[in-house]
Amino acid sequence: MLLISNFIKQFWQGITLVILVLITLSSLYPAEYLPQVPGSDKTHHFIAYCALMLPTALRRPKYWLAIALFFIVYSGVIELIQPYVNRYGEWLDMAANTSGILCGWLLAHFLLRTKQNVSN
């Protein structure tokens, strides 16, 4: 786990950018119908934004809180744009996104504290 954590801390910007691009493309790609996948749509939003926040929260750059707020606003902008690309924008999706961001931060906080306790 330590090796993965160190990898994420080292390449956090690239990982975050790739995840942000994937979320954007999958959220705004025009679709005649959404594919059937297991789980709830809200669960997918939650997981995607948790994964988006985790690298930033593990690295904790100087402006990490501003980055988290940017992710929340960005998810709202995506929800506003979706109806124009034959998708559905839902405010509950934004709530799931925000919850995922908070969970990503909490998970990183827990991992950093656990690592700190193991080091002592």
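The values are calculated or read from the model by the stated rules, or taken from the named source; none is laboratory data. A quick note: this is a predicted structure, and the numbers were derived from the prediction, not measured. Here the Cβ positions follow ideal geometry from the backbone for every residue, glycine too, while neighbour counts run over all protein chains shown. Accessible surface is based on the protein model in full, side chains and every heavy atom, while ligands, DNA and RNA are left aside. Shrake-Rupley method; radii C 1.70, N 1.55, O 1.52, S 1.80 Å.
What to note about this one:
- Ranked packing of 100-109, 81-90, most packed first, by mean Cβ within 10 Å: 100-109, 81-90
- Taken about its Cα centre, the chain carries a charge dipole of roughly 700 debye when the Cβ of each Lys and Arg holds +1 and the Cβ of each Asp and Glu holds -1.
- Calculated from backbone phi, Karplus (6.51, -1.76, 1.60) coupling profile of the stretch 90-102 in Hz, x at Gly/Pro: 10, 5, 5, 5, 5, 5, 5, 4, 5, 4, x, 4, 5
- Among the chymotrypsin sites (Phe, Trp or Tyr not before Pro) in the stretch 18-69, those placed in a DSSP loop whose Cβ has at most 14 other Cβ atoms within 10 Å are Tyr33, Tyr63.
- Inverse of mean 1/r across different Cα pairs in the chain, Kirkwood, Å: 15.1
- The stretch 10-65 - Rg over Rh from alpha carbon coordinates, Kirkwood radius: 1.06
- Helix 64-81 vs. the chain, principal-axis angle (Cα, 0 to 90°, nearest 10): 10
- Here the Karplus relation 6.51 cos²θ - 1.76 cosθ + 1.60, evaluated at θ = phi - 60°, turns the backbone of the stretch 45-52 into coupling constants of 4, 4, 5, 4, 6, 5, 5, 5 Hz, with x for every Gly and Pro.
- Coordinate range of the alpha-carbon atoms in the stretch 44-113 per principal axis, descending: 43, 22, 14 Å.
- The stretch 4-120, accessible area per residue, ligands and nucleic acids excluded (1.4 Å, Å²): 65
- On Cα atoms only, tilt of 12-28 relative to the major axis of the chain in degrees: 10
- Relative contact order, percent, the chain [alpha-carbon distance under 8 Å, six or more residues apart]: 35
- Prolate is the label for the stretch 48-88, because the ratio a/c of its alpha-carbon gyration tensor axes (a ≥ b ≥ c) is 1.5 or higher and a/b is greater than b/c.
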